[in-house]
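Below you'll find the structure, written out as structure tokens, and then a few comments.
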Amino acid sequence: MELNRVPTPTKEGPTGRHSVLAELEGDFADLGLTALSPNGQHFAATNKTPNQEDTTVIVWDTQTGQQKFQVPGDPEHYADLIMLSNERLFVSGRLSEEMAVWDLATGTQQRTWELPERGIKNEDAGLSSDGKYLATAADDRFVVLHAHSGKVAAVMGAPKATDRSGNTVPKGGTRNRAASTDAVFVYAWLQSVRFSPDGQELAAVSTEPHTRLICWNSRGKLMYDEPFFSARPGVLGEYAAVVPESYCLARRTRCRGSRIESDRVVHQGAFCAGPAYPRV
């Protein structure tokens, strides 16, 4: 299997063809889960497609192309989440109540910690680029955890209560539901979760009760929660991210009531950098 280096684009467009960075020994499932460390030095993949038990996770050194180690599958569990920081591999699944943390340098398991809610998948969670924080849904809450311990670092502000057209529902409005119940459904239909490169903002895409982009600052304050519309509504995982200068990003979309510049900016100027997530 070849790992390709993507050429740096110019104002005129992409330059040249992809060049081969390394050829990785062995194989992995074409439609399986994959992860690349922020520094690009490690690549991880599953040997089976999702929804299968006893799935092995394989980790490669991208500089040599050689396998570094394997995390053996469990016949009673799925591997629904694999994430890489520069130092660690995180593995969990829908039937697991724990997150397993593996050291990339030694290939040994460092620890496990208890998840705030059983069952976590790649689309439900995001890892900060420095590997310190992991964001995930926990029933009617969206929380940021310390990645080394699983302890809660911050609870993010609740999403807006809206109807399927994206209009805000006033308290006591047409839907007789508590805000926490609304949040349960919003978080149950997450498609993507991303931290900004500096870890100061967090964004997520949900499809309940409509496709929406949600952004928080590092103090957990809800800064943006608006609908957006995609030409490819079935493939939403690639759309949500936060980029530097506090821009919310929604690639290749049209966003009602928000501004898009150069096919990337949805909202600008509302974020507050603030301090890092507090210890609790």
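Considering the stretch 47-79 alone, what residues qualify as being out of contact with any Ser or Thr (no Cβ under 9 Å at 6 or more places or on another chain) and over 21 Å from Thr106 (Cα atoms)?
Those that are out of contact with any Ser or Thr (no Cβ under 9 Å at 6 or more places or on another chain) and over 21 Å from Thr106 (Cα atoms): Pro50, Asn51, Glu53, Asp54, Pro75, Glu76.
Could you give me the residue pairs with C-beta distances under 6 Å whose first residue belongs to the stretch 79-108 and is in contact (Cβ under 8 Å) with a residue 12 or more places away in the chain and under 16 Å from Lys48 (Cβ atoms), whose second residue is small (Gly, Ala, Ser) and assigned to a strand (DSSP E or B) wherever it lies, and which are 6+ apart or on separate chains?
Qualifying pairs under 6 Å: Leu81/Ser92; Ile82/Ala35; Ile82/Ala44; Val91/Ala100.
Checking Val59 against (1) part of a loop (DSSP other than H, G, I, E, B); (2) in contact (Cβ under 8 Å) with a residue 24 or more places away in the chain, which single condition isn't satisfied?
Result: Val59 passes all but (1).
Quick one: which of Gly119, Gly150, Gly126 is under 17 Å from Ser206 (Cα atoms) and among the small types (Gly, Ala, Ser)?
Checking each option against the conditions leaves just Gly126.
Does the stretch 70-86 contain at least one residue that is assigned to a strand (DSSP E or B) and surrounded by fewer than 17 Cβ atoms within 10 Å (Cβ to Cβ)?
Taking every residue of the stretch 70-86 in turn, at least one turns out to be assigned to a strand (DSSP E or B) and surrounded by fewer than 17 Cβ atoms within 10 Å (Cβ to Cβ).
Any idea how many residues of the stretch 100-146 are in a strand (DSSP E or B) and either touching an Asp or Glu at 6+ places or on another chain (Cβ under 8 Å) or outside the structural domain of Thr55 (by TED's automatic domain parsing) (or both)?
The qualifying residues number 21.
Out of (1) at pLDDT 85 or above; (2) over 19 Å from Ala125 (Cβ atoms), the odd one out for Arg252 is which?
With respect to (1) at pLDDT 85 or above; (2) over 19 Å from Ala125 (Cβ atoms), Arg252 is out only on (1).
Just give me the residues in the stretch 133-150 being more than 14 Å from the chain's Cα centre (by Cα) and of a type outside the set (Asp, Glu), in sequence order.
Ala138, Arg141, His146, His148, Ser149, Gly150, listed by residue number.
Scanning the stretch 136-193 for residues that are β-branched (Val, Ile, Thr) and at pLDDT below 70, which turns out farthest from Asp103 (Cα to Cα)?
Thr174
The values are calculated or read from the model by the stated rules, or taken from the named source; none is laboratory data. Everything numeric in this text was worked out from a predicted model, so none of it was measured. For neighbour counting, all protein chains shown are included, and Cβ atoms are generated from backbone atoms with ideal geometry for every residue, glycine included.
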